[in-house]
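What follows is a short report on a single structure.
The values are calculated or read from the model by the stated rules, or taken from the named source; none is laboratory data. The structure presented is a predicted model; accordingly, all values stated were derived computationally and were not measured. For neighbour counting, all protein chains shown are included, and Cβ atoms are generated from backbone atoms with ideal geometry for every residue, glycine included. Calculation scope for accessible area: heavy atoms of the full protein, side chains included, ligands and nucleic acids excluded. Shrake-Rupley method; radii C 1.70, N 1.55, O 1.52, S 1.80 Å.
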Amino acid sequence: MLTEADATGGWTLHEHPTQGVMLTRQMYRRQLTVWQEGSLLWFAVDSGTKTLKWGRRGTVAAAKAAAEKAARPTLTTTD
């Protein structure tokens, strides 16, 4: 179960009426969300119009780190 102790480093704990407890964070103009289903923690990174990446991890710290990594802008090179 996610708790206030997990809401560190810019993360905020929210309780949604239908989806339950989740952690959220804004980073690089993206919405990061972590929630728990059973024993797994899911993460999603959304832009304004679509989900950019989602996945699952075994710990809160791993899910938060994966979401933060996925939210980073990619570098594009032009020749």
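Would you mind telling me the share, in percent, of accessible area of the chain contributed by carbon and sulfur at probe 1.4 angstrom?
Carbon and sulfur together cover 51 percent of it.
Quick one: net charge around P73, please, counting Lys, Arg +1 and Asp, Glu -1 for every other residue with C-beta under 14 Å from its C-beta.
Every neighbour counted, the sum reads +4.
Counting only helical runs of four or more DSSP H residues, what would the 222 nm mean residue ellipticity of the chain come to if each run contributes -39,500 (n - 2.57) and the total is spread over all its residues?
Per the formula, -4500 deg cm²/dmol.
Rounded to two decimals, what is Rg over Rh for the chain when you use alpha-carbon atoms and the Kirkwood radius?
Over the Cα atoms of the chain, Rg/Rh equals 1.01.
Relative to the first principal axis of the alpha-carbon coordinates of the chain, what is the inclination of helix 60-71, with its axis defined by its Cα atoms, in degrees from 0 to 90 and to the nearest 10?
In the chain, helix 60-71 runs at an angle near 20 degrees to the longest axis.
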